[in-house]
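The structure under discussion appears below in the form of structure tokens.
Read-outs: derived from the displayed coordinates by stated rules, not from any lab. Quick caveat: nothing in here was measured; it's all calculated off a predicted structure. Backbone-built Cβ (ideal geometry, glycine too); neighbour counts: all protein chains shown.
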Amino acid sequence: MSGDNSFVVVANRLPVDLHTSPDGTRTWAPSPGGLVAALSPVLERHEGCWVGWPGVADEAPEPFRTDGGVLLHPVRLSSADFEGFYEGFSNATLWPLYHDLIVTPIYHRDWWDIYRDVNLRFATEVAEVAAEGATVWVQDYQLQLLPGILRQMRPDLRIGFFLHIPFPGADLFRQLPWRDETIRGLLGADLIGFHLESGANNFLDLARRAGHEVSGSASTRLIDAHVHTDGRRVGVGAFPISIDPTSLGEGVEGSVEALRASLGNPRTVLLGVDRLDYTKGILQRLLAFEELLESGALDPDEVVFLQIATPSRERIAQYRQARSRVEEAVGRINGRFGSMGHPVVHYLHQSLPKAELRTYYEAADIMLVTPFKDGMNLVAKEYVACHGDGSGALVLSEFAGAAIELPQANLCNPFDVESIKRAIATAATGLSTTPEVHRERMLAMHAQVMEHDVDVWAGSFLDALAKVES
Ligand code: GDG
């Protein structure tokens, strides 16, 4: 059975939100996002289809078209599916394993069974909506088995897979009790894309160890490496994701001044923007800030640290623990170094509108991006995109994928509090003592991000997918 969509994107989440009005009426509305913005032109050109979970357990609207003509096709998940597939296997097993065991992954056979079953259901939906010979682009770690299942159901399809998080080395990956099935699932694709060449080479290494013939080694935005399996050739490469600079809006005149005034016009504004995730190193950057205040390297009367921490995965114990540790540190630092009406750390555990985020990015003298491990990190790129005049400074973890493309940042090792402190202090003093050096570095990073935006990412992946000959 086949449908009539020649281009299908499949992701865990459908880009829709459920809105409930005061009278209780509920409507589903498309929700904007980086991936949607990047793929919309392609989806609209092909009258494409997006398959995914609408975000609310036990509910799913009928398939509907957006104004641009994209068909949104929901997959219904029960709350038991959501717990086993999403919170369990995806976020308590794969997420920590793929982020180098920052917390210990939980290996649970029931979760695996549900993960496999949900992947099968997603594949069944895709098989129904995809036209003969259609291109299907599968997104991320929640759906690693889908390419293999779909290839069995629909050998006519051209299937691409992209992983948005890091792919670990063999020594870590081999912990996974279902490692062979996972590799086989991914190898159902014609093209497997990672952010970095290192992730792609980790995958090639694993495929080789699993007995598959491998040729070449990974390149960026090109297919120089293949895995040969079942008489097919699977392309493997690196496609570093980026941002849609227009999604941040234009910036509102006077808003930066108003924000700084509301903070008491400090000399230096430090900023962190993250999902509240233990991989992001929020606590470590707070500890570095605290020690800099303690030693007198930063003056609490001159500096303010803003941390926006978007709520995330709050039903998972390790996320709740990460949040309480962050909040304890914020309270302690303000208790020690703040004064009445003038906290040194302003902390929001909220999601803000994107346009407001732009004001924060523009207002920040120093952006702190200190993850222990991150596939890419779009926040770093968004900050750089908002500083086209060369102002500001970026403190960036060496373990964020973005560090490969933004080597002019103040790089730090987030496992070493002294290294974070050094990077912050260097940025803070450098902004006043060597402003030209900082300006040039910011401008170089700005040019890199503007030239390699999310369209380049999507375009290079889809071009490569179109060219793969299996
Ligand atoms: C995964 C990988 C990879 C944050 N707070 C608010 C808000 N955000 C937006 C940011 C940014 C996005 O969320 C976060 O993207 P990141 O890339 O930084 O991190 P993850 O969510 O972990 O994303 C990551 C990414 O996938 C893409 O492949 O780079 O490595 O972990 O765009 O702006 N947006 C709004 N309000 C907020 O309060 N509107």
message: Give me, ordered by chain and number, the residues 5 or more places off residue 17 or on other chains with an amide H under 5 Å from its own placed amide H.
response: 29, 31
message: So for each of 7-16, 211-220, 20-29 I average, over its residues, the number of other beta carbons within 10 Å; can you give me the resulting order with the highest mean first?
response: 7-16, 211-220, 20-29
- line: If amide H atoms are modeled at 1.01 Å from N in the peptide plane, then the residues at a separation of 5 or more from residue 222, or on another chain, having amide H under 5 Å from its own are 238
message: To test your reading of the geometry: what angle, between 0 and 90 degrees and rounded to tens, separates the Cα axis of helix 282-295 from the longest principal axis of the chain?
response: 20 degrees
- request: Could you work out how far helix 197-209 tilts from the main Cα principal axis of the chain, as a 0 to 90 degree angle to the nearest 10?
  value: 40 degrees
statement: Percent antiparallel among DSSP beta bridges confined to the chain, nearest 5, equals 25 percent
- prompt: Once you sort the root eigenvalues of the Cα gyration tensor of the range 246-452 as a ≥ b ≥ c, which label holds: rounded (a/c under 1.5), prolate (a/b larger than b/c) or oblate (the other case)?
  reply: rounded
- prompt: Going by a ≥ b ≥ c, the root eigenvalues of the Cα gyration tensor, does the range 311-364 fall in the rounded group (a/c under 1.5), the prolate group (a/b larger than b/c) or the oblate group?
  reply: oblate
message: Could you work out [θ]222 nm for the chain from helices alone, using -39500 (n - 2.57) per DSSP H run of at least four and dividing by all its residues? Round to the nearest 500 deg cm²/dmol.
response: -12000 deg cm²/dmol
- line: Total charge of the residues flanking residue 260 in space, meaning their Cβ is under 13 Å from its Cβ, with Lys and Arg +1 and Asp and Glu -1, is -3
statement: per DSSP, antiparallel bridges as share of beta bridges in the range 1-96, % nearest 5, sits at 45 percent
field: DSSP-defined antiparallel bridges as percent of all bridges, the range 10-163, nearest 5
entry: 35 percent
- request: Mind listing the long-range amide H neighbours of residue 9? Cut-off is under 5 Å, sequence gap 5 or more, other chains count too, H placed in the peptide plane at 1.01 Å from N.
  value: 49, 50, 51, 137
message: Compute the helix-to-body angle for 34-45: its Cα long axis versus the longest principal axis of the chain, expressed 0 to 90° and rounded to tens.
response: 40 degrees
- request: With θ set to phi - 60°, apply the Karplus curve 6.51 cos²θ - 1.76 cosθ + 1.60 along the range 396-411 and write out the HN-Hα couplings as whole Hz, x wherever there is a Gly or Pro.
  value: 9, 5, 5, 9, 8, x, 4, 4, 5, 8, 10, x, 7, 5, 7, 7
task: Please label the shape of the chain as rounded, prolate or oblate, based on the square roots a ≥ b ≥ c of the eigenvalues of the alpha-carbon gyration tensor (a/c under 1.5 means rounded; beyond that, a/b larger than b/c means prolate, else oblate).
output: prolate
